[in-house]
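Engineer: Below is a structure I'd like to ask you about.
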Amino acid sequence: MFGLVNLELTDLNKGSVFIGDKLNIRVNFKFEEKIDILWSGIRLITNPPCAKELQVSKEEIFSKGTFEAGKYIREKSLLIKSNIVPTIKNRNLKYFLKLILRQPNPINPEEDLVINKTHNIEIKARNSGLQAKIPKPISFSISGLNILLTKDVYKPGETIKVGYSSEELKQIEIRLLQNSNLVCYCEAYGDNCSKVEELPPAIAGDAKTQNFDKEFLLLKVPEVAEPSHNYLWSPSEKEQFGFRYGAYTKWSLLVIGKKKPEYGLEPIKLEVPITISSGPLSTEKTDIDLFSEGTAGASSLFDGISKFQKTYKVLSIDSDIDKYILKIKNISKEDLHGVTIVISGLQEGLFETASSLIGFNTWKSGEEKEIIYESKQNITALISIFEDNSQQRIRIQSPVTETSFF
């Protein structure tokens with residue numbers, strides 16, 4: 001049965017997208033014969049340690065409906081929200097797109113037939129989306145040891161200069177520590193995911209001396225140092241409440257001082273937090289303009305109203321028991337391809353009834369189509385949403401009057 005359906009997924013962002021941007025995709029459905037579907041859409045998925053898959057966001061392409069044999073092309077956008085954790089390959093935090101098509105199972109109605117198409121996607125952090133951290137000097141004294149840092153923010157590859165002085169120490173050591181890990185909270189497995197192990201800090205650099213006349217130590221931040229971050233994502237879907245997922249990297253300097261025998265044998269240990277920044281912040285804005293046209297070519301509501309007058313015309317709406325019969329004409333000068341019509345009812349001008357979808361491979365210029373919408377509710381208007389392979393999307397509301405009834 002799967003041989004009757006062919007799915008193609010094209011990533012218009014070419015494999016990567018920045019947080020705050022839209023991930024644009026094109027999907028191509030080819031049905032070799034008439035087909036019923038239950039649902040189709042695109043999902044952004046990741047794999048946390050304590051779950052097989054985690055849906056970060058989704059976008060519906062087709063609701064439940066019936067399609068003629070033919071080709072249906074749609075372009076959709078997924079907004080990568082600001083709270084999404086970026087891809088971190090060295091901790092296996094990755095993402096992929098999944099195109100899903102669900103069909104009724106003629107053998108076992110309790111189990112849907114599902115076709116999947118997957119594609120890897122990298123989500124990148126945008127520096128301009130990070131809050132600026134103003135460098136500050138650090139100066140402190142403890143147990144006869146004086147430490148001075150001219151700032152607490154550094155870049156990968158930069159050298160940290162640590163000033164020191166002491167009358168009581170015979171040796172001083174400075175270690176650059178990186179503490180990184182995943183974060184996974186899931187109520188089904190307890191407060192913390194048991195598959196995320198506690199990891200000790202890694203030593204990314206070390207410098208020590210017994211020469212207290214030198215007055216400073218130099219410690220280089222590795223060129224490949226991962227910038228400091230603390231990402232945490234939580235879902236908006238109710239069924240995923242209690243789940244949080246993220247990652248962090250924290251940097252610090254561990255100061256270890258060995259005392260002269262006359263001042264005791266207990267060493268001095270002190271950890272000083274610092275920040276590794278990826279570079280100067282950009283002035284580029286990452287906010288989404290809600291009134292701008294998306295790259296997927298979606299039309300505005302006002303465009304739809306104007307195009308409706310030139311493309312479709314509702315000739316009549318008649319009603320019989322539990323069903324409404326619409327007659328619609330293609331009044332444009334062109335044949336339309338891959339047309340879908342989603343129809344729902346409006347009750348008392350406020351509430352929409354369940355929708356019904358039908359797909360036409362070709363709708364010729366001047367051709368009339370008769371569409372039946374079944375509903376037991378008392379409907380005052382019908383809402384029709386037209387979409388085709390050219391990505392033209394039109395919404396129209398047609399009143400249902402008493403004279404429409406037989």
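Quick note: the coordinates plus some simple rules give every number you see, no bench work behind them. What you see is a predicted model; the values in this text were computed from it and never measured. Neighbour counts run over all protein chains shown; Cβ positions are idealised from the backbone, glycine included.
Engineer: How much net charge surrounds T362 when only the other residues with a Cβ under 13 Å from the Cβ of T362 are counted, with Lys and Arg +1 and Asp and Glu -1?
Structural biologist: The answer is -2.
Engineer: In addition: Specify the residue with the greatest mean-square fluctuation among N378, N28, N179, computed from a Gaussian network of the chain linking alpha-carbon atoms under 10 Å apart.
Structural biologist: Of N378, N28, N179, the most mobile in the Gaussian network model is N378.
Engineer: What is the sum of charges around E8, taking Lys and Arg as +1, Asp and Glu as -1, for the other residues whose C-beta is under 15 Å from the C-beta of E8?
Structural biologist: Residues near E8 contribute +4 overall.
Engineer: Separate question: Would you look at the GNM of the chain, springs on alpha carbons closer than 10 Å, and say which of Q392, Q347, Q103 moves the most?
Structural biologist: Taking springs between Cα atoms under 10 Å, the residue moving most is Q347.
Engineer: Using modelled amide H (1.01 Å from N, peptide plane; none on Pro or chain starts), what sits under 5 Å from the amide H of T353, excluding residues fewer than 5 places away?
Structural biologist: G345, L346, Q347
Engineer: Over what distance in Å are the Cα centres of segment 159-210 and segment 327-389 separated?
Structural biologist: When both Cα centres are located, 62 Å separates them.
Engineer: So for the chain, considering every pair of alpha-carbon atoms, how many percent are separated by more than 26 Å?
Structural biologist: 67
Engineer: Regarding segment 301-404, what whole-number volume in Å³ per residue does the convex hull of its Cα atoms give?
Structural biologist: 95
Engineer: Counting Lys +1, Arg +1, Asp -1, Glu -1, what net charge surrounds L346 among other residues with beta carbon under 13 Å of its beta carbon?
Structural biologist: The answer is -1.
Engineer: Rounding to the nearest 10 and keeping the result within 0 to 90°, find how far the Cα-based axis of helix 301-311 lies from the longest principal axis of the chain.
Structural biologist: 30
Engineer: Something else about it: Return the Rg/Rh ratio of segment 129-276 with Cα-based radii and a Kirkwood Rh.
Structural biologist: Taking Rg over the Kirkwood Rh, I get 1.09.
Engineer: Return, in residue-number order, each cysteine of the chain whose C-beta is not under 4.7 Å from any other cysteine's C-beta.
Structural biologist: Flagged as lacking a Cys partner: C186.
Engineer: Another question, if that's okay. Within segment 169-262, how many Lys pairs sit with Cα atoms under 14 Å apart, leaving out pairs fewer than 8 places apart on the same chain?
Structural biologist: 8
Engineer: Between K81, K64, K52, find the one with the highest GNM mean-square fluctuation for the chain; connect C-alpha pairs within less than 10 Å.
Structural biologist: Top of the fluctuation ranking is K52.
Engineer: Work out, step by step, the length gained on full extension between K170 and D206: first 0.36 nm times the residue separation, then minus their alpha carbon distance; give nm to one decimal.
Structural biologist: Net length gain for the segment: 11.2 nm.
Engineer: I would also like to ask the following. What FRET efficiency do you get for F140 and S278 if R0 is 22 Å and r is their Cβ-Cβ distance, rounded to the nearest 0.05?
Structural biologist: Efficiency, rounded to the nearest 0.05: 0.20.
Engineer: OK, next. Consider all pairwise Cα distances in segment 2-125 and report the whole-number % of them above 23 Å.
Structural biologist: Cα-Cα pairs of segment 2-125 separated by over 23 Å account for 36 percent.
Engineer: Under a 5 Å amide H to amide H cut-off, with H placed in plane at 1.01 Å, what residues pair with I121 once short-range neighbours are removed?
Structural biologist: Amide H to amide H, under 5 Å and 5 or more residues apart or across chains, I121 pairs with Y95, F96, L97.
Engineer: Another question about this same structure. Which FRET efficiency value, to the nearest 0.05, do you get for S390 and E158 by plugging their Cβ-Cβ distance into 1/(1 + (r/R0)^6) with R0 = 45 Å?
Structural biologist: Computed FRET efficiency for S390 and E158: 0.30.
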